[in-house]
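The structure appears below as structure tokens.
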Amino acid sequence: MITRFEAHAPDADLDDLRARLAAARLPEAETAGDQGVPLADLAEVVDYWRTEYDWRAFETRLNRVGQFRTTIDGLGIHFLHRRSTRADATPLILTHGWPGSVAEFIDVIDEIADPADADAPAFHVVAPSLPGFGYSDKPTAPGWGTEKIAAAWVELMGRLGYQRFLAHGGDWGGVITTILGGLFPEQVLGIHTLTPQAPPGLSSDNLTASEREWAEETRDFWLHRAAYAKQQAARPQTIGYSLVDSPVGLLAWILDKFTEWTDVTVPRDRVLDDVTLYWLTRTGASAARIYYESHDSLDPDLRVDVPAAISVYPRDIEKCPRPWAQERFRRIVRWTTPETGGHFPSLEVPGYFVNDLRASLAAVQRC
């Protein structure tokens, strides 16, 4: 059964948030410029969050898109569903990652479904909240890893009447999209991913200089800048106490990623839409557990034979050279390297993101 859902946080929860922000105890300023979110920057965002940010405006936007819930394998799954008015629209599932949410798609979902240009392709858009994220239920036992989530997405699309569909994702959503293409070729027409992951152990001997640079940047990221992932993979409950109890702690944990992983500054309200969604739903710990369930778990032997389009943004945290990607994605029909953008392109460069998504999915559908 699918039921309509509307977001409406109690006034008491918003009052509590503002009170906690007003009472926040901040540390002293950093002693060097590379120690995380600067105190001055965080204090400014905290003050804005407490005095000016309007959660109700974001709630209204969510409710206008259309929100629903259904239960799959005993877990309540929340999703946005924006049906196109076009008769030729193709079903498309968009999957977010961490520290994202369905808020990543709020600025682009209408244009993807009903483009202003009548010649542009249109899509029936489904954007689920990952288990433990947003308005989806929190798993109470282990098992909700990326493969189970991908199978749940197939079930969800089938319930909506979409027996064949396209898939897009970045971050964890990119992993899930890869699994959809690899394990469910009968349902998945093709995929577009921002985070192609190659099988492990490939040689760099035949890479170009720029491709080697990509590989080295990715290696450096995982060696020196991925402590958050190791913490959430190993001890998500420990960090979860801070993320659920302290709005400033949650903000700093997420703002750090929006600062470091982007090429274009994401508007402050868009960042706070995402952070406030985590706060009000108390999902800091439950969302972190996706790392415990699935970190480094992508099957090295998984191959994707459905058509795949890949976009690698210049400031993303993982950049896979095409020769390596081709070892997993056997039918790459479009490969783009945008000049601008990072880990959250739908929020950084929404106009470009939409056009690239359209062109990528059009290339997939031509196959």
Sole miss for Asp316 among (1) closer than 18 Å to Trp172 by Cβ; (2) of a type in the set (D, E, K, R); (3) assigned to a helix (DSSP H, G or I) is condition (3)
* Asked: Is it true that Pro196 is more than 24 Å from His78 (Cβ to Cβ) and in contact with a Phe, Trp or Tyr (Cβ under 8 Å, 6 or more places away or on another chain)?
  -> yes
Being at pLDDT 95 or above, part of a strand (DSSP E or B), within 18 Å of Arg322 (Cβ to Cβ) and not hydroxyl-bearing (Ser, Thr, Tyr) narrows His192, His168 down to just His192
Yes or no: Thr265 more than 27 Å from Trp214 (Cα to Cα) and either among the polar types (S, T, N, Q) or without any contact (Cβ under 8 Å) to a residue 12 or more places away in the chain (or both)? no
Considering residues that are in contact (Cβ under 8 Å) with a residue 40 or more places away in the chain and either assigned to a strand (DSSP E or B) or in contact with a strand residue (DSSP E or B) (Cβ under 8 Å, 6 or more places away or on another chain) (or both), the number found within region 105-148 is 20
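Among the residues of region 280-313 satisfying the criterion of being part of a helix (DSSP H, G or I) and of a type outside the set (Gly, Ala, Ser), which is nearest to Arg56 (Cα to Cα)?
Of all residues in region 280-313, those part of a helix (DSSP H, G or I) come to 280-281, 284-294.
With the extra rule that they be of a type outside the set (Gly, Ala, Ser), the set shrinks to 280-281, 289-293.
Working: Leu280: 12, Thr281: 15, Arg289: 28, Ile290: 28, Tyr291: 31, Tyr292: 33, Glu293: 33 Å.
Here the residue is Leu280.
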Matching residues in region 26-84 (touching a Ser or Thr at 6+ places or on another chain (Cβ under 7 Å) and either over 25 Å from Lys138 (Cβ atoms) or in a helix (DSSP H, G or I) (or both)) number 2
Is there a residue in region 338-352 that is more than 17 Å from Thr208 (Cβ to Cβ), surrounded by fewer than 24 Cβ atoms within 10 Å (Cβ to Cβ), touching a strand residue (DSSP E or B) at 6+ places or on another chain (Cβ under 9 Å) and not hydroxyl-bearing (Ser, Thr, Tyr)? yes
Flagged pairs (Cβ under 7 angstrom, 6 or more apart or on separate chains; first in region 68-93, over 18 Å from Thr3 (Cα atoms); second assigned to a loop (DSSP other than H, G, I, E, B) and of a type in the set (Ser, Thr, Tyr)) are Pro91/Tyr162
Q.
One residue is enough: does region 244-253 have a residue meeting the conditions polar (S, T, N, Q), more than 22 Å from the chain's Cα centre (by Cα), crowded, with 17+ Cβ neighbours inside 10 Å and not in a helix (DSSP H, G or I)?
A. yes
When (1) in contact (Cβ under 8 Å) with a residue 12 or more places away in the chain; (2) among the polar types (S, T, N, Q); (3) in a loop (DSSP other than H, G, I, E, B) are applied to Ser203, the one that fails is (1)
All-but-one check, Phe184 against (1) closer than 19 Å to Val333 by Cα; (2) touching a strand residue (DSSP E or B) at 6+ places or on another chain (Cβ under 8 Å), failing number (2)
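Residue by residue through region 211-238, note down the ones that are of a type in the set (Gly, Ala, Ser) and loosely packed, with under 12 Cβ neighbours inside 10 Å.
Residues of region 211-238 of a type in the set (Gly, Ala, Ser): 215, 226-227, 229, 233-234.
Hit for region 211-238 is Ala227, nothing else.
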Of Asp316, Asp274, Asp296, Asp256, the only residue that is out of contact with any Lys or Arg (no Cβ under 6 Å at 6 or more places or on another chain), at pLDDT below 95 and within 30 Å of Val244 (Cα to Cα) is Asp296
Subset of region 85-116, residues of a type outside the set (Val, Ile, Thr), over 29 Å from Lys230 (Cα atoms) and either out of contact with any Ser or Thr (no Cβ under 8 Å at 6 or more places or on another chain) or crowded, with 22+ Cβ neighbours inside 10 Å (or both), comes to Arg86, Ala87, Asp88, Ala89, Pro91, Leu92, Asp110, Glu111, Pro115, Ala116
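The values are calculated or read from the model by the stated rules, or taken from the named source; none is laboratory data. This structure is a prediction, so every number in the text was calculated from the model and none was measured. No Cβ is skipped: glycine too gets one built from the backbone with ideal geometry, and neighbour counts run over all protein chains shown.
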